[in-house]
Amino acid sequence: MLNNEEQKAAGELPLTYPPFITSIAKRGLNLSEVIYEDCAVSSFDDSSAERWANWDFHLAFDMRVGPIISLASIYDHDMRKYRRVMYRGYISEMFVPYQDLSEEWYFRTFLDAGEFGVGICAVPLQPHTDCPPNAVFLDGYYTTRDGTPAKTSNVFCVFERYAGDIMWRHSETILPGDTVEVRPDVTLVVRMVSTVANYDYIIDWEFKQSGSIKITASLSGILAVKASAYTHKDQIQEEPTYKRFVTNGSSPRKSHWTVVDEVAKMESDAKIRLGLGDQTEIIVVNPNKRTKVGNNIGYRLIPGPLAGPLLWEHDYEQIRGAFSNYDVWVTPYNKSEKWAAGAYIDRARGDDTIAKWTLRNRKIENEDIVVWYTLGFHHAPQQEDFPIMPTLSGSFELRPSNFFDRNPVLKVKTPE
């Protein structure tokens, strides 16, 4: 594998290659107009093992859920080794309850992953439109009903994203002379698109060199003329902050906030509804490992826009999609508990959901756990959604919380 300097030198070789120079001239361009982007060191091949910058992970294709990211590890320069961040992550279920009570529509409360298959409905990605020019495309395979293998070409694309964001920066204005340090944020995106009937789901897993993983689910497609309101809820597999009032006259300040740690010990403690007035920060920690300064290592869940359930919890449809009752669930690892709405959706009656599993109120403190996050939209169609709906997106992020002893991207070099 080439290092950064070797890759940059190799990338600039075409600029001195006569046939390349001739082809540029034939298009009426000057060589000075050709821009070469220095890419991070990466490796993508048919083995499904992906390595980019300081990340290493396994990408798999599943006929039910689409992309599965597993064994995600990040390189720690101080420890000089890869450290495991996530064992496995995927979309467990999608709940789409339409809000029309008429005879022909009231039952339309789909569970797209279990009933249709997000992977089976995946479509070949289009170069330069679904994915940028620098994307690498990967095929997906699954078995048909008679056991023969089936192939979906270009089911994934993997690409570096240059969004113009800043990874970190500082301007030193007190010392003599201008001292400015800035690093651009370059991330790696794994993308898949699944067309389930008239809707297109765009699923992105984005890996940041700072150690964060951002998961984005986007929705587009063609709405039915009936235009019923509906809800999309995706189920994807704590440290509260409190306001305090100063009343004893010890400070000119009238209020302040502080942090109070609370440990979720049982499953019932970790059923969490997030909201605008709730300042809870959810951090998953390993109490058996600490940083050099004594903090428990962990990762923080940063939610995006929230959309809680609007159906009555005893409504039959909501019983089947009960995972949407809470924004966050935490369960002890059980290899049979993979599907938030049940394993066999076409026969599901709500008796094999995460809501049922957690009634046992099992211990989760200092256990091997699974974190379930519910991402959702309430979509009331507007005129602008016709004839094709502009993309609507929601996301959340997993961010290091005392996982490293210091900023892990301090050694990222300044681009030339």
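The values are calculated or read from the model by the stated rules, or taken from the named source; none is laboratory data. Keep in mind it's a predicted model, so treat the numbers as computed, not measured. Neighbour counts are summed over all protein chains in view; Cβ atoms, including those assigned to glycine, are modelled from backbone coordinates with ideal geometry.
For this structure, a couple of remarks:
Let's see how each residue does on (1) more than 21 Å from ASP185 (Cβ to Cβ); (2) touching a Leu at 6+ places or on another chain (Cβ under 8 Å):
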| site | (1), (2) |
| --- | --- |
| LEU59 | yes, yes |
| ILE68 | yes, yes |
| TYR98 | yes, no |
| TYR106 | yes, no |
| ASP130 | yes, no |
| THR143 | yes, no |
| ARG169 | no, no |
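- Counting only strands (runs of 3 or more DSSP E) wholly contained in segment 150-223, the ones carrying 3 or more residues that are among the β-branched types (Val, Ile, Thr), at pLDDT below 95 and more than 30 Å from VAL96 (Cβ to Cβ) occupy 179-196.
- You will find that of PRO176, PRO149, PRO184, PRO132, the residue that is in contact with a Cys (Cβ under 9 Å, 6 or more places away or on another chain) and at negative phi is PRO132 and no other.
- Checked against (1) over 24 Å from the mean Cα position of the chain (by Cα); (2) acidic (Asp, Glu); (3) modelled with pLDDT of 90 or more; (4) outside any helix (DSSP H, G or I), ASP351 meets all criteria but (3).
- Residues satisfying the stated conditions in segment 79-112, i.e. β-branched (Val, Ile, Thr) and either part of a loop (DSSP other than H, G, I, E, B) or within 18 Å of the chain's Cα centre (by Cα) (or both): VAL85, ILE91
- Every residue from segment 365-414 that is charged (D, E, K, R), assigned to a strand (DSSP E or B) and either at pLDDT below 95 or loosely packed, with under 15 Cβ neighbours inside 10 Å (or both): none
- Residues that are hydrophobic (A, V, I, L, M, F, W, C) and closer than 19 Å to ILE222 by Cβ, drawn from segment 358-409: PHE377, ALA380, PHE386, ILE388, MET389, LEU392
- Test set (1) closer than 24 Å to ILE215 by Cβ; (2) surrounded by fewer than 16 Cβ atoms within 10 Å (Cβ to Cβ); (3) of a type in the set (S, T, N, Q) - THR258 fails condition number: (1)
- Positions within segment 113-149 being of a type in the set (Asp, Glu) and assigned to a strand (DSSP E or B), in sequence order: ASP139
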